[in-house]
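Asks: The structure follows.
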Amino acid sequence: MNSAVVILFAAVMIIGIILLVIISVTKRAPRRLDVAKYQERWLTITNSVSDDSASLQLAVLNADKLLDMALRERGVAGNTMGERLKTNPKAFKDLDAVWNAHKLRNRIAHEHDAPVTKQAVQVALRSFKAALTDLGAL
């Protein structure tokens, strides 16, 4: 009876090791992004920026949306952009800058007549661009 327990334990260990090997081999690597697609969309966003408040706000909204799309395509877990940023903080060289840009987007989206300066938008756009570069989208 004692040898049967040892054999059963050894079999369970071998099966466990085999399962770990299978899981590690089939584990999906982060998906590569279509850089040309992201560059085209980024140029559309930056070329749309003018001095009027509406275009500034729209540029931030679209840049945030583009970053969120890249995170989703890379397979980052989370239901919202904020959750995705929290899930993958080491993906960005300057996470604080990305958060500040996203917070500007939230103010624009949720506050009626949120004051937005051209300088704040330029800083946010630089942060979004750096984040997209960090993800391999640009």
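The values are calculated or read from the model by the stated rules, or taken from the named source; none is laboratory data. Bear in mind that the values here come from a model prediction, so they are computed numbers and not experimental data. Positions of Cβ are backbone-derived with ideal geometry, glycine not excepted, and every protein chain shown enters the neighbour counts.
Asks: Please go through region 105-125 and pick out each residue that is part of a loop (DSSP other than H, G, I, E, B), of a type outside the set (V, I, T) and surrounded by 13 or more Cβ atoms within 10 Å (Cβ to Cβ).
Replies: A114
Asks: Among the residues of region 80-102, is any surrounded by fewer than 18 Cβ atoms within 10 Å (Cβ to Cβ), in contact with a Pro (Cβ under 6 Å, 6 or more places away or on another chain), free of Cβ contacts under 8 Å to residues at least 12 places away in the same chain and of a type outside the set (V, I, T)?
Replies: So far as region 80-102 goes, yes, one or more of its residues are surrounded by fewer than 18 Cβ atoms within 10 Å (Cβ to Cβ), in contact with a Pro (Cβ under 6 Å, 6 or more places away or on another chain), free of Cβ contacts under 8 Å to residues at least 12 places away in the same chain and of a type outside the set (V, I, T).
Asks: Can you name the helices (runs of 4 or more DSSP H) wholly within region 1-104 that have at least 3 residues being within 16 Å of S127 (Cβ to Cβ)? Break it down into steps so the answer makes sense when it comes.
Replies: Working: elements: 2-26, 35-47, 53-73, 81-87.
Passing ranges, in order: 35-47, 53-73, 81-87.
Asks: Here are the criteria: (1) modelled with pLDDT under 95; (2) touching a His at 6+ places or on another chain (Cβ under 9 Å); (3) buried (at least 18 other Cβ atoms within 10 Å of the Cβ). Tell me which single one F128 does not satisfy.
Replies: Checking F128 against (1) modelled with pLDDT under 95; (2) touching a His at 6+ places or on another chain (Cβ under 9 Å); (3) buried (at least 18 other Cβ atoms within 10 Å of the Cβ), the one that fails is (1).
Asks: Still on this model: Considering each residue of region 78-103, count those that are under 9 Å from the mean Cα position of the chain (by Cα) and among the aliphatic types (A, V, I, L, M), and give that number.
Replies: So the count comes out to 3.
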